[in-house]
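Asks: Handing you a structure now.
The values are calculated or read from the model by the stated rules, or taken from the named source; none is laboratory data. This structure is a prediction, so every number in the text was calculated from the model and none was measured. As a convention, Cβ positions derive from the backbone with ideal geometry for all residues, glycine included, and neighbour counts pool all protein chains shown. Remember, those area values only see protein heavy atoms, side chains included, never the ligands or the DNA or RNA. Shrake-Rupley method; radii C 1.70, N 1.55, O 1.52, S 1.80 Å.
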Amino acid sequence: MSRAVIRDLYNVRLLPAQGTATPLTDEEEQRVRAVLFSELGNKIADQGWVRFPAYSPEDRRRLVAVAHRLTAYWGQQVLVEAEDQTRVRLCLAGYEALRESSTARS
């Protein structure tokens, strides 16, 4: 005689159809943006710019939001530029001019 085991499933989400992305919950989105703010902010502070993959419109919107937050935090504008369909570049305003002038002096 076999007994059926019934288990309660908590916090279970349906998987999306293959090829579609699952939207993040508000909490997950906040955590992702916090990590990007920290990691990308450190890289920009070190070298003046950073390149990061952005495969979807949501990824690009997230990076633009992080750039706006860094701008507000530092009081210095962080520019966002799409390099191609899959990469976005964030840099401090004036970084290109500083880089070109230092190359000219060398």
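Residue by residue, here is whether (1) at positive phi; (2) modelled with pLDDT of 95 or more; (3) open to solvent by 60 Å² or more (accessible area, probe 1.4 Å); (4) of a type in the set (Ser, Thr, Tyr) holds:
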| residue | (1), (2), (3), (4) |
| --- | --- |
| 8 | no, no, yes, no |
| 12 | no, no, yes, no |
| 21 | no, no, yes, no |
| 24 | no, no, yes, no |
| 56 | no, no, no, yes |
| 70 | no, yes, no, no |
| 88 | no, yes, no, no |
| 93 | no, no, no, no |
| 101 | no, no, no, yes |
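Asks: Can you tell me which residue is most open to solvent (accessible area, probe 1.4 Å) among those in region 72-86 that are more than 21 Å from residue 55 (Cα to Cα) and of a type outside the set (A, V, I, L, M)?
Replies: Here the residue is 73.
Asks: List the residue pairs whose Cβ atoms are under 6 Å apart, where the first residue sits in region 56-68 and is over 14 Å from residue 83 (Cα atoms), the second is open to solvent by less than 30 Å² (accessible area, probe 1.4 Å) and part of a helix (DSSP H, G or I), and the two are 6 or more positions apart or on different chains.
Replies: Here the result reads 66/36, each pair linking region 56-68 to a residue that is open to solvent by less than 30 Å² (accessible area, probe 1.4 Å) and part of a helix (DSSP H, G or I).
Asks: If you don't mind, another one. In region 27-61, what residues are in contact with a helix residue (DSSP H, G or I) (Cβ under 6 Å, 6 or more places away or on another chain), in a helix (DSSP H, G or I) and of a type in the set (Val, Ile, Thr)?
Replies: none
Asks: Related question: Residue 42 versus (1) modelled with pLDDT under 95; (2) of a type in the set (S, T, N, Q); (3) surrounded by 10 or more Cβ atoms within 10 Å (Cβ to Cβ): which is the lone unmet condition?
Replies: Residue 42 satisfies every listed condition except (1).
Asks: Which residue pairs have Cβ atoms closer than 8 Å, lie 6 or more positions apart in sequence or on different chains, and pair a first residue in region 69-90 that is under 18 Å from residue 37 (Cβ atoms) and among the basic types (Lys, Arg) with a second residue that is in a strand (DSSP E or B) and open to solvent by 90 Å² or more (accessible area, probe 1.4 Å)?
Replies: Cβ pairs passing all conditions: 89/51; 89/81.
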